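Take a look at the structure set out below.
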Amino acid sequence: MARRPVALAAAVVLVLEAFGIVLLNWILSIVVDRQQMSLAGLQPRAMSAGSWVGGIVFGLYLLFCAAVLLRTAIRDRAPGGFTRIALISCAVVHGVLGAFAVGLVGWVAFLAMTVVLALLVLTLMAYGEGREGEGRGSAENDTNSPNSPNTPNSPNGASPAAPSSA
């Protein structure tokens with residue numbers, strides 16, 4: 001299955017997106033500061049700092065999700081607990097951003113958000129539930145499975161021994 005390359009591709013895309021978000025918010029903070037923009041009496045410096053801090057926080061969130069995806073790809077194990085919830089929330093954020101992007105930016109931005117969303121969902125689905133399914137073997141290798149070749153009643157297994165009369 002191609003789950004490792006998908007997780008790696010999603011990690012790379014999230015790292016690039018994190019740097020893009022930080023760059024975009026840095027540019028927005030410069031624009032707000034130079035034009036002395038204000039919203040409801042808020043100081044322009046506060047709006048500039050808020051844009052910068054918001055970009056850094058969102059960039060760190062995306063980098064965290066990328067690190068989780070990278071670790072998932074390297075270990076070939078599903079993320080569990082908090083990290084799985086973080087990836088699900090990242091997928092939801094990309095879905096919402098994609099919906100807003102159609103009206104505000106255009107279809108190309110929507111397509112980009114949808115590709116990231118698809119990579120995240122595909123990674124989450126490929127790795128399944130994680131801890132519950134990792135310890136189990138397949139039905140062919142499970143000796144307790146009724147269809148296992150090691151069971152006496154299976155068509156390919158050894159026939160049961162005839163009872164001996166003693």
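Say we look at the range 29-58 and pick out the residues that are in contact (Cβ under 8 Å) with a residue 24 or more places away in the chain and farther than 30 Å from Thr123 by Cα; which of these is surrounded by the fewest Cβ atoms within 10 Å (Cβ to Cβ)? So that I can check it myself, show each step before the final result.
The initial filter retains those residues of the range 29-58 that are in contact (Cβ under 8 Å) with a residue 24 or more places away in the chain, namely 29, 51-52, 54-56, 58.
Those still in the list that are farther than 30 Å from Thr123 by Cα too: 29, 51-52.
Values: Ser29: 21, Ser51: 20, Trp52: 18.
Only one residue tops the list, namely Trp52.
Of the residues that sit in the range 117-127 and are touching a residue at least 12 places away in the same chain (Cβ under 8 Å) and closer than 14 Å to Ala11 by Cα, which one is most open to solvent (accessible area, probe 1.4 Å)? Talk me through it step by step, then tell me what you get.
Looking only at the range 117-127, we keep the residues that are touching a residue at least 12 places away in the same chain (Cβ under 8 Å), and these are 117, 119-124, 126-127.
Cutting the leftovers down to closer than 14 Å to Ala11 by Cα gives us 117, 119-124.
Values: Leu117: 50, Leu119: 34, Leu120: 3, Val121: 62, Leu122: 91, Thr123: 4, Leu124: 20 Å².
The qualifying residue most open to solvent (accessible area, probe 1.4 Å) is Leu122.
Is it the case that some residue within the range 3-10 is basic (Lys, Arg), open to solvent by 60 Å² or more (accessible area, probe 1.4 Å), closer than 23 Å to Gly128 by Cα and part of a loop (DSSP other than H, G, I, E, B)? Before the answer, list the steps.
Of all residues in the range 3-10, those basic (Lys, Arg) come to 3-4.
Still in the list and also open to solvent by 60 Å² or more (accessible area, probe 1.4 Å): 3-4.
With closer than 23 Å to Gly128 by Cα added as a condition, the list becomes 3-4.
With the extra rule that they be part of a loop (DSSP other than H, G, I, E, B), the set shrinks to none.
No: zero hits.
Which residue is least open to solvent (accessible area, probe 1.4 Å), if the candidates are limited to the range 76-96 and must be assigned to a helix (DSSP H, G or I) and over 18 Å from Leu122 (Cβ atoms)? I'd like the intermediate steps shown before the answer.
First pass over the range 76-96, keeping only residues assigned to a helix (DSSP H, G or I): 82-96.
Restricting the remaining residues to those that are over 18 Å from Leu122 (Cβ atoms) gives 82, 96.
Details: Phe82: 145, Val96: 74 Å².
Only one residue fits best here, namely Val96.
Determine the pairs where a residue that is β-branched (Val, Ile, Thr), located within the range 92-116, has a partner that is open to solvent by 40 Å² or more (accessible area, probe 1.4 Å) with Cβ atoms under 8 Å apart, the partner being 6 or more residues away or on another chain.
Listed pairs, sorted by first residue: Val102/Phe110; Val115/Val13; Val116/Val13.
In this structure, is Ser159 modelled with pLDDT of 95 or more and either in contact with a His (Cβ under 9 Å, 6 or more places away or on another chain) or among the polar types (S, T, N, Q) (or both)?
Working: modelled with pLDDT of 95 or more: no; either in contact with a His (Cβ under 9 Å, 6 or more places away or on another chain) or among the polar types (S, T, N, Q) (or both): yes.
For Ser159, the condition - modelled with pLDDT of 95 or more and either in contact with a His (Cβ under 9 Å, 6 or more places away or on another chain) or among the polar types (S, T, N, Q) (or both) - is not met.
The values are calculated or read from the model by the stated rules, or taken from the named source; none is laboratory data. These numbers were taken from a predicted model, which means no experiment stands behind them. Cβ: placed from backbone, ideal geometry, glycine included. Neighbour counts: every protein chain shown. Only protein heavy atoms, including side chains, enter the accessible area calculation; ligands, DNA and RNA are left aside. Shrake-Rupley method; radii C 1.70, N 1.55, O 1.52, S 1.80 Å.
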